[in-house]
Amino acid sequence: MFRGSSFHTIDGKGRIIVPARFRDMIQASGSDSMMISGMDLGLVAYTLPEWHKIETRILSLVEKSESMRRFRRVFIGGAYECLCDKQERILIPPSLRQYAGLDKEIVVVGVLDHFEIWSRETWDNENLKMEADMKKEDVRNEIARLGL
């Protein structure tokens, strides 16, 4: 499972260093690559087996609404397979860097079955939003249902 967060920089060519604990998870999946796509102004990175599960779920959806077709088009159509190089970095394609606003400072965040890549500024804003949400009763109740 991917857990924790790390602060890094993205180099001029668009490469990021993958934390060692995340590299171990990637290698344990049987591949040296990740599928990366954009969501919520950040990037989501899945091992290939986890990505295949997502594709299977998307294909099996009975819902064929316009919004689901659009989601599939953007999420799957905007995904890239990104290889870890010998220096254990991942090259983030320009379109994904632009989408997520990745310029220099980034945050790599473990989210159990995948990890996310955020610009530092967007990540800080996301944390502020969550702090505000935590003051709302419905959000507190939803979290309480987890037993926390």
Next on the checklist: So for each of 26-38, 43-55 I average, over its residues, the number of other beta carbons within 10 Å; can you give me the resulting order with the highest mean first?
Outcome noted: 43-55, 26-38
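All other residues with a Cβ under 12 Å from the Cβ of Phe7 taken together, and with Lys, Arg as +1 and Asp, Glu as -1, what is their net charge?
Numbers: positive: Lys104, Arg120; negative: Glu105, Asp124.
Here the charged neighbours net out to 0.
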Checklist entry - Cα to Cα, under 18 Å, and not fewer than 8 places away if on the same chain: which aspartates and glutamates meet these conditions relative to Lys135? => result Asp124, Glu126
Checklist outcome for this item: Taking region 5-120, the lysine pairs whose C-alpha atoms sit under 23 Å apart (8 or more places apart or on different chains) add up to 4
Checklist entry - How much length, in nm to one decimal, is gained on full extension between Lys135 and Asp85, taken as 0.36 nm per residue of separation minus their Cα-Cα distance? => result 13.7 nm
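Every number here is computed from the coordinates shown, using simple stated rules; none is lab data. All values derive from a computational prediction rather than experimental measurement. Cβ atoms come from the backbone with ideal geometry, glycine included; neighbour counts cover every protein chain shown.
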